[in-house]
Amino acid sequence: MNGYGKKISLVVIRRLPRYYRYLAELLKQDIKRISSKELSERMNVTASQIRQDLNCFGGFGQQGYGYNVEELYNEIGAILGLRDGHKTIIAGAGHLGHALANHGGFEKRGFKLVAIFDNDKEKIGTTINGVMVYDIADMESYLKENPVTIGILAVPRTCTTEIADLMVKCGIKGLLNFSYMDLKVPENVIVENVHLTDSMMTLSYQLRENKNIGE
């Protein structure tokens with residue numbers, strides 16, 4: 001049970017980060033409150049959908065007032081576990097790992113990138129965005145001394161399973177997998193697969209459909 005008295009659909013959970021981003025923009029604009037209708041117009045979703053999603057967590061708006069932007073932003077951040085300060089590592093310091101390490105969203109969203117691992121001797125001992133690159137052969141000993149919550153897999157497909165198994169063995173409970181390899185993990189470990197080309201192929205299909213409609 002999740003504390004809300006019912007199982008929340010993963011579809012709803014996947015929409016929460018988008019709400020979080022839009023609310024962050026509203027805060028930057030010094031907007032104090034907003035109605036579901038106004039928020040729906042900004043996000044291009046229905047006001048009914050917004051109310052339904054937020055009601056899964058008890059609801060936060062007041063009739064005739066709308067939502068307190070800062071309060072809702074903080075509540076969604078808490079629901080997403082962003083206050084937990086998840087320590088994170090990246091396996092792979094190639095182009096993808098390098099780009100991920102340079103991504104500015106980690107700290108802003110409550111994720112602390114603490115280490116990067118690679119087997120390239122020229123990269124070991126260097127830093128990327130202030131984070132040390134360690135020898136991947138030392139990953140197990142590092143994780144035993146420095147507990148980490150999330151492991152990001154940015155390594156070749158051929159070694160993904162081995163590294164993922166090692167991460168799980170060392171207590172990592174969440175894996176962000178960029179490898180296009182389907183992983184088998186214990187039930188208490190969560191895997192989020194990121195397939196860029198799948199998204200591009202979906203986009204290709206939509207472009208093709210739009211073209212057909214216009215013909």
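The values are calculated or read from the model by the stated rules, or taken from the named source; none is laboratory data. Model, not experiment: these values are computed from the prediction. Note that each Cβ is placed from the backbone with ideal geometry, even for glycine, and that neighbours are counted across all protein chains shown. Heads up: the accessible areas ignore ligands, DNA and RNA and are worked out on the full protein's heavy atoms, side chains in. Shrake-Rupley method; radii C 1.70, N 1.55, O 1.52, S 1.80 Å.
Is there a residue in segment 55-64 that is open to solvent by less than 30 Å² (accessible area, probe 1.4 Å), closer than 30 Å to G171 by Cα and over 19 Å from the mean Cα position of the chain (by Cα)?
yes
Spot the failing condition for V194; the list is (1) out of contact with any Phe, Trp or Tyr (no Cβ under 9 Å at 6 or more places or on another chain); (2) open to solvent by 30 Å² or more (accessible area, probe 1.4 Å), and only one is missed.
All conditions are met except number (1).
Identify the residue in segment 77-129 that is assigned to a strand (DSSP E or B), touching a Lys or Arg at 6+ places or on another chain (Cβ under 7 Å) and over 18 Å from F178 (Cβ atoms) and, among all such residues, is least open to solvent (accessible area, probe 1.4 Å).
Among them, the one singled out is V114.
Return the pairs, sorted by first residue and then second, in which the second residue is open to solvent by 30 Å² or more (accessible area, probe 1.4 Å), the first residue lies in segment 84-101 and is farther than 24 Å from K144 by Cα, the beta carbons are less than 7 Å apart, and the residues are 6+ apart or on different chains.
Final answer for the pair search is L96/F178.
With K108, K28, K32 as the choices, which residue is at pLDDT below 90, farther than 30 Å from C159 by Cβ and either within 15 Å of the chain's Cα centre (by Cα) or basic (K, R) (or both)?
Numbers: K28 fails: at pLDDT below 90; K32 fails: at pLDDT below 90.
It is K108.
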